[in-house]
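This report refers to the structure that appears directly beneath it.
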Amino acid sequence: MLLSMAVCLGCQWHLRPASDAEDDRRVSIVRYDRIEHLYLTTADFAALQQMKTVYPMQTRMLIENVLKLGRVDESDINSRFLLFFQDSTLQAMMGDVERQYANTDDLDAQLTESFRRLSELLPGIEFPSVYTQIGSLDQSIIVGKGLLGISLDKYLGSNHPLYLRFGYTEEQRAMMTRQYIVPDCLGFFLMSLFPLPEGEEEDHVARIQYVVNQVMGRKVFDRNEVAHVENYMRQHPETSVESLLSMR
C-alpha cells in the first residue's frame, strides 16, 4: 500500500494552459516546517503570525486535520499547539528533521522532473504547490486544494529510534526514508485525481503504483499486483494512463 494516510480537503485540480512557459512548471518546496519549528521551539509570535497569514491553509490542515487539536480559530488553539510539541520526544524529532533536511534541493529537482514526466502521461495537470511540515508521526503526505504537504517526521530513515520505539514494522520502516518522498507525493497526488473506487482498493492502488514506477523510471513498488498491471499494459498498448486509472 501507499505509505500511511492522506488528508484531502476540497481537492480541485484545474487545467493549466498549454502556452505557459516551461519555467513556470517547476516545483520548489516551500519550507513551512522551518517557520513551524521556529514557533514551536521559541514561541516566536512573528513566526506564528506568518503561519496564519502567509500559510493559512497549511496551518489549518496541520492543526485541524493532522494533529486534530481543534479548530484553528479557537481562542486557546495557539497554546494547545505549542504545548503539544513541548514533549521531549517531539522536540528531539524536530531537531532530527532540521538536521536531515537542512537542504532539499535534491527533492526540488526530483519533484520537478517527476511532475513533468507525469504531465506527459496526463496532459493538462496543474502542478501542486508543495510544502514541508512537521506532524506527529501520523500522516505522511497531505493533499489539499492545490497543495501537497510532506510530513518530514515520517521520512527520518528506516532505523530511526522513534520508529522502532513506536512499533512500526520492518516493511513500514523500509518506506520511511528520503527516497520514498517523491514516489509518495506522486502516489497521493494521483489518488486525489483518481479516488479509490469502493470495493476495488487493492487493484486501484496497484494501478497507481504502476504509474508511479513509470514516472520514476524504476520499480519503486515491486509487488505482484503491480506486475499484473504492467503485464496488462504491455498486452494493451493502446490503453492510456488516464484510462487505466479511470477503470472501474
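The values are calculated or read from the model by the stated rules, or taken from the named source; none is laboratory data. Keep in mind that what you see is a predicted model, and the values were worked out from it rather than measured. Virtual Cβ from ideal backbone geometry, glycine too; neighbours counted across all protein chains shown. The area values use the complete protein model at the heavy-atom level, side chains included, leaving out ligands, DNA and RNA. Shrake-Rupley method; radii C 1.70, N 1.55, O 1.52, S 1.80 Å.
Data overview
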| quantity | calculated |
| --- | --- |
| The range 112-238, relative contact order in percent, only Cα pairs under 8 angstrom and at least six apart counted | 18 |
| Protection-proxy order for peptides 139-145, 60-66, 199-205, 214-220, each taking the mean of Cβ atoms within 10 Å per residue, highest first | 139-145, 60-66, 214-220, 199-205 |
| Extended-chain gain in nm, criterion 0.36 nm per residue less alpha-carbon gap, residue 159 and residue 88 | 23.6 nm |
| Average accessible area per residue (Å²) across the chain - probe 1.4 Å, nucleic acids and ligands excluded | 48 |
| Prolate/oblate/rounded label for the range 118-229 (Cα gyration tensor, a/c 1.5) | oblate |
| Karplus-derived HN-Hα couplings along the range 146-163 (A = 6.51, B = -1.76, C = 1.60, θ = phi - 60°), whole Hz, x at Gly and Pro | x, 10, 9, x, 10, 8, 5, 5, 8, 9, 9, x, 4, 10, 4, x, 5, 5 |
| Surface share of carbon and sulfur [accessible, 1.4 angstrom probe, percent] for the chain | 49 |
| Radius 12 Å from Cβ of residue 230, net charge of other residues (Lys, Arg +1; Asp, Glu -1) | +2 |
| Distance between modelled label sites at residue 234 and residue 108, nm, 7 Å Cα→Cβ extension | 3.9 |
| Check: the range 54-207 dipole with +1 on Lys, Arg Cβ and -1 on Asp, Glu Cβ, in debye | 300 |
| For the range 99-107, 3J(HN,Hα) per residue [Karplus equation, 6.51 cos²θ - 1.76 cosθ + 1.60, θ = phi - 60°, Hz, x = Gly/Pro] | 6, 6, 10, 4, 9, 10, 4, 4, 6 |
| Whole-Hz couplings from phi, Karplus 6.51/-1.76/1.60, listed for the range 37-52; x for Gly and Pro | 4, 4, 5, 6, 9, 10, 6, 5, 5, 5, 5, 4, 4, 5, 4, 7 |
| Sum of side-chain charges, residue 93 neighbourhood, beta-carbon under 13 Å (Lys, Arg +1; Asp, Glu -1) | -4 |
